[in-house]
Every structure is written in C-alpha cells, then in structure tokens.
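Scroll down for the structure; my scribbles are underneath it.
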Amino acid sequence: MKKFLIMAVAFLMLSASNDSSLVYLKVSRVIDGDTFVGRLVESGNPGVNPWAYELTKVVVRINGIDAPERGQFYGDVATLHLYSLIGGKTVGMKLKQKDIYGRWIATVYLNGEDVAEELLRQGLAWHFKEHDSNPRYAQLENEARWNGYGLWCDDRPVAPWRWRRMTKLERDEYRK
C-alpha cells in the first residue's frame, strides 16, 4: 500500500512539472471559496496503480485568486458557489506547486472552463496579483468591480490577505 501512495505522489510531482498534462480529481469537499479536497481518478492519469487513486487525498488551492475568508463578507457565498460548481464532480487540474501548507496550487478546469475565471466573473474572489499575472483574471476582476457583482457591492471590501492579518477586534469593528 505504501508503494501505491509513493507512486501516486510521484505522479503528481511529475504532472506538476509537465504543463501540458492535466491531473483529474473527484472533488469530495469544498473547504472555502478557493480550496477543496478530492481524490485522484483513474481516467486521464496513466501509469498509476488504480488502488492508489482511492488512497490519495489531495488538497487543492485554486491558482491566481483569493476568495473571502470564513466570517468575512461574502466568504460563505464564495464557498457555496464553488461547491455548486465542482462539488462531487471531476475536475482537471494543471498543477503548479505545493504551498507552505502542503496544498497543491493548481489551475482548475470543469468541462474545459477555468473555475477561477467563473469566481472572478461573479465577484466572489480577488485576482491574487502578488502571485499571478494573468491579464484575463485582472480584466474579470475589474469588470466585476465596475458592475458591483458579488463582494464588490460592499462599499468597503477587504482583501482576504489583509483580513487574515487583522486582529479579532479589527474584524469585529469591520462587521458593525
């Protein structure tokens, strides 16, 4: 069994270096508006023992965006929307790298459509410009802002990276 897990992890690492191949994952849980958990699926992942798929839980953070946190304005809406998009479904992913928390950073596709683009289009995430330079993502965020979609209907939206640095007192003051 340990051998199968090693093979699956090796496959994921190999896929991360090969930008043209997609890894397929069946989504089992959505953690928040930009993070989910799934298991590898056999279809499209050649060379990995089928038993390894059932054992390999993968946590994924969607590349290029940052969705509102839990307890933050529109955090629950972003989470529910991501769940409605990909919950229980099989998604394709172009893996980029692992982050400091051990999550895979990946561009995620559902039926060939970029999931991050949908979240940005609906105003449910920020384009994470510090880590991504995709001009399409920047354009979609700007359009959502201009039209007041989703979190952009708030007159004082707080970026998630700023929210995470706020103290509990600052967060409570913001919620008033």
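First check a/c for the range 113-169, with a ≥ b ≥ c the square roots of the eigenvalues of its C-alpha gyration tensor; if it is under 1.5, answer rounded, and if not, answer prolate when a/b is larger than b/c or oblate otherwise.
Because a/c hits 1.5 or more and a/b fails to exceed b/c, the range 113-169 counts as oblate.
Just subtract the alpha-carbon distance of Glu130 and Lys168 from 0.36 nm times their residue separation and send over the number in nm, one decimal.
Extra length from Glu130 to Lys168 when fully extended: 11.2 nm.
What do you get for chymotrypsin sites (Phe, Trp or Tyr not before Pro) in the range 67-176 restricted to DSSP loop and a cutoff of at most 13 other Cβ within 10 Å of the site's Cβ?
Taking the range 67-176 and a limit of 13 other Cβ atoms within 10 Å, the loop chymotrypsin sites (Phe, Trp or Tyr not before Pro) found are Tyr101.
Which shape class, rounded, prolate or oblate, goes with the range 84-123 when its Cα gyration tensor gives a ≥ b ≥ c as root eigenvalues, a/c under 1.5 marks rounded, and past that a/b bigger than b/c marks prolate?
Prolate, because a/c is 1.5 or more and a/b exceeds b/c.
How far apart, in nm, are the 7 Å Cα→Cβ label points at Leu110 and Val37?
Output for this residue pair reads 1.9 nm.
Charges only on Cβ, +1 for Lys and Arg, -1 for Asp and Glu: so what's the dipole of the range 67-121 about the Cα centre, in debye to the nearest 20?
Roughly 240 debye for the range 67-121.
At what distance in nm do the modelled label points of Lys89 and Tyr101 sit from each other, each positioned 7 Å from its Cα along Cα→Cβ?
Rounded to a tenth, the inter-label distance reads 2.3 nm.
We did not get these values from a lab; they are worked out from the coordinates using the rules stated. Please read these numbers as outputs of a predicted model, since none were measured by experiment. All Cβ positions, even for glycine, are placed from backbone atoms using ideal geometry, and neighbour counts span all protein chains on display.
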